[in-house]
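K.L.:
Before we start, here is the structure in question, set down as structure tokens.
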Amino acid sequence: MLRHYGVDLLGWHRGHLSSRRLAVLVQHLPRDSALARALHGEAADWSLTDHLLASVVDQLAEANWMFATVNRDEDSEPLEHPEPVPRPGQSAHPMSGGEGERGDGKDHRMPTKAELAAFFL
């Protein structure tokens, strides 16, 4: 049976709780703790799975965009680049500010060879 033992922080001041034990307790606080929220804001709500899922969605949207771009009529308007899933703590356009920005806040640069290789490998 698991029991929850409360920790009195005065125990550290009184010498009943070592600094090492206090540090271990603080380091292993749950992701939804008040301290994690105070330090990381809404990023504390995102787990590794959430970040990986957002990456999968972005990659799928990019692949669909590439397929549609390659197979479109040459005379038609270029397709808009897909927007990445917003992540906590990041701007809506993590790659903006690069060489291809036109001033409308969207990233219009072509991917580099290294980015394409990373995408397909």
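K.L.:
Condition test on Val24, is it β-branched (Val, Ile, Thr), farther than 18 Å from Gln90 by Cβ and open to solvent by 70 Å² or more (accessible area, probe 1.4 Å)?
P.N.:
No, not satisfied.
K.L.:
Name, by its number, the condition in (1) at pLDDT 90 or above; (2) exposed (fewer than 11 other Cβ atoms within 10 Å of the Cβ); (3) of a type in the set (Asp, Glu) that does not hold for Asp32.
P.N.:
Single failed check for Asp32: (1).
K.L.:
Given the criterion more than 26 Å from Glu115 (Cβ to Cβ), in a helix (DSSP H, G or I) and not charged (D, E, K, R), identify the matching residue among Ala54, Ala68, Ala36.
P.N.:
From the options Ala54, Ala68, Ala36, the qualifying one is Ala36.
K.L.:
Right, something else. Please determine whether any residue of the stretch 43-63 is of a type in the set (Phe, Trp, Tyr) and open to solvent by less than 80 Å² (accessible area, probe 1.4 Å).
P.N.:
Scanning the stretch 43-63 turns up at least one residue that is of a type in the set (Phe, Trp, Tyr) and open to solvent by less than 80 Å² (accessible area, probe 1.4 Å).
K.L.:
Let me ask something else about it. From Ser55, Ser19, Ser47, grab the single residue that is closer than 15 Å to Pro88 by Cα, at pLDDT 85 or above and among the hydroxyl-bearing types (Ser, Thr, Tyr).
P.N.:
Exactly one residue qualifies, and that residue is Ser55.
The values are calculated or read from the model by the stated rules, or taken from the named source; none is laboratory data. Since we're looking at a predicted model, the values are computed, not measured. When we count neighbours, we look across all protein chains shown, and the Cβ atoms used for this are built from the backbone with ideal geometry, even at glycine. We work out accessible area using only protein heavy atoms, side chains counted, and drop any ligands, DNA or RNA first. Shrake-Rupley method; radii C 1.70, N 1.55, O 1.52, S 1.80 Å.
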